[in-house]
Each structure stands twice: as C-alpha cells, then as structure tokens.
Amino acid sequence: MGQVKPSIVHLFLVILLGTGLTAQDKTLYILHTNNTNGALENCYCPDHPFGAVEKRVVFVENFLEDHPNTILVDAGDIFTMTHQSYKDSLMSEAFKQLPYDAILPGDQELTMPTEQLKSLFSQMDLKVVGSNIEVEGMENFLKSQVVEKGGLKVAIMGIMDPYAMKYYTPEQKDHIHLEDPLEAVKGEMARLKDKADVFVLLTHQGADLDYALAEKVDGLDVIVGAHSQSPMDNPEEVNGTLIVQAGKEGYYVGVAELTINGADVISKSGRIDTMKLEMPDDPRIMDLIHEYEEKTGRINHRKLKLKEKE
C-alpha cells in the first residue's frame, strides 16, 4: 500500500481546521416541536401557506436518515384547545408515527379529563417527562429521560410553570400539582450530573420565563420552549443555554445543532424549518385526515377549491 503524500494530509488538516472541527468533535441534533394544537394538516390559509403533521412525519424521517445522531422532542399543547376527543385520538395516532424520544404535556393536555388524557398517552406509547408535574389519578410522569446518541448521553427534563395555568378555573386545575420549576430542574441536574453529557429542558411557560430560568441555572445546554408559540429562527444563548421554540400549528420544525468535543459543548446554533405546502405528505397521516373528514363531514373548503382547480 502506497504512502499518503504529506500534501494530502496537510490539506485534510486544513479542511478540518477551516470548519472548526477536529477528529474528536461530535454533532448532536435536536429536532423540536410545540403547540401543534391538533393540526393534522395545513389550514390552506392564504396568509399561512404551510403544512403541519402530514409534512412533519416525512421531514423527520428524512432528517433522521441523514443525521442519525438526532433526538426528537415536543414541548406540549399537542391536542386541540377545545378537547375534541375524536380529533385528539387521531392526533395521538399521528404522534405514534413519530419517533419522539420524549414529550412534555402542555396546559391543554393537563386540563383534559384525566381518563381521556391517560387513554391518549397510552395510545401514543411515548415517554412523557414532567420533572415538576403531578396529576391526581395518573401515574407520575418521568422526572427525566436519558437517551444515548452516538456515544453521547442526553438528559431530557421537562417543566411547566404555574403561569401556564393562570387563566384556568380552580375546577380545571385543582388536580394538577406543580413543584417549583427552578428547584425541580436543579435537583434533577444534580441527580444526573455523572449520568449525562448534555442537558436538555423542555418547558411549557413561554419565552420570557425561559430567558429568566436560563439565567438561574448553570450547565443547562438547551431549553426547548412552548406556550408563547414563538417561532425562533435565530435563537439566542442566555448564560450558555440555547433557547429555542418552533411556533405553532405544526408550521415549523425546530433544528438545534450542538458540536461537542469530549465533555464540552463548543458551539450551539438553531433554526426553524418551514413545512412548505410543496413538501410530500405522509400517506398514514393523510389516511387519518380522510377518516376524520368521512366520519365528521368536516372538510376544509379552501382545500376543496384547490382540488377543483387541479
């Protein structure tokens, strides 16, 4: 076997240094969603020509194929705001098609009748985290979920601030118990300090409270937010924590990218990718949409007009 010419080795090193990467660097991707609000498909709105879960499933599958070192998380408000039981059951079935590593319940989930929520979560068969959440009549949520990707151990935690429940009646929220979010996060991070390389926190409280929380917690790598439905295309770091959120109604999927060298996260960035109408639909989700239309007789009139023009 011939020797590698020094010039070729030099060129390889230049390329690595030019990209800021070394042979020891690893990349972890975090795909994140929030506030889907029961949107199985796009609304065909002229001012919001975006897709929803019917596009998301294909997008996620393609992304994972290209980037296996990826975790997928959701920060809550998965179901309809008005607790439409049939449509919510279809959304559970849709989420079952997505390989979520962990989901956090939002206020729209927790204020459901307990038996309905238990049924929906059972149908999804996903890991549900709630580091500071207890609901009467339900088994306690996981305090955290540790996922291994490419040799990296990622701790996924989740909290809800009482602010998210502010406008609900006592009857709607009396069965929900929320520990102090800050203490819950610090306690779980201390417990996992020797068991995880990266710490990700799912929150359901709004962007302003995410920024405030990040200031008070050291060692937190990423906050994946929800509730304020903020589309963050250029997310910021606060106290070393990248704060991300991906809008509402399934219009976007958030993509956070972490470069890790040894025990150190050396760079973080994020963006949101739009689920455009021209993107392919997942046939399994389209079957759920057709089932809903046939059983309820409800169909988007803008969609009908578009079909008539085809």
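Read the figures in this text as sums done on the coordinates, not as results from a lab. Keep in mind that this is a model prediction, so the values were computed, not measured. Neighbour counts are summed over all protein chains in view; Cβ atoms, including those assigned to glycine, are modelled from backbone coordinates with ideal geometry.
Here is how the numbers come out for the structure above:
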| quantity | calculated |
| --- | --- |
| Rounded to whole Hz, the Karplus (6.51, -1.76, 1.60) HN-Hα couplings of the range 114-127, x for glycine and proline | 4, 5, 5, 5, 4, 5, 5, 5, 5, 5, 5, 6, 10, 6 |
| Point-to-point label distance, E237-N261, nm (Cα→Cβ direction, 7 Å offset) | 1.3 |
| GNM flexibility winner over the chain from R298, R284, R271 (Cα, springs under 10 Å) | R298 |
| Estimated vicinal HN-Hα couplings, Hz - the range 52-69 in sequence order (Karplus 6.51, -1.76, 1.60; Gly, Pro = x) | 9, 5, 4, 8, 4, 4, 5, 4, 5, 4, 5, 5, 5, 5, 7, 9, x, 7 |
| Förster-model FRET efficiency, 30 Å R0, N69 and Y211, C-beta, rounded to 0.05 | 0.60 |
| By average C-beta atoms within 10 angstrom, highest first, the peptides 70-76, 45-51 | 70-76, 45-51 |
| Long-range HN-HN contacts of K149 with modeled amide H, under 5 Å | V154 |
| Helix-only CD estimate at 222 nm, as mean residue ellipticity for the chain, using -39500 (n - 2.57) per DSSP H run (n ≥ 4) | -10000 deg cm²/dmol |
| Computed label-point distance, nm, for sites M81 and T169 using a 7 Å Cα→Cβ extension | 1.8 |
| HN-Hα J in Hz across the range 86-95 - Karplus 6.51, -1.76, 1.60, θ = phi - 60°, x for Gly and Pro | 5, 5, 5, 5, 5, 5, 4, 5, 5, 5 |
| Nearby lysines by direct alpha-carbon distance to K96 (threshold 18 angstrom, same-chain neighbours under 8 apart not counted) | K55, K87, K118, K127 |
| Whole-Å semi-axes of the ellipsoid equivalent to the range 135-204 (Cα gyration tensor, √5λ, descending) | 28, 12, 10 |
| Per-selection Rg to Rh, the chain - Cα, Kirkwood hydrodynamic radius | 1.02 |
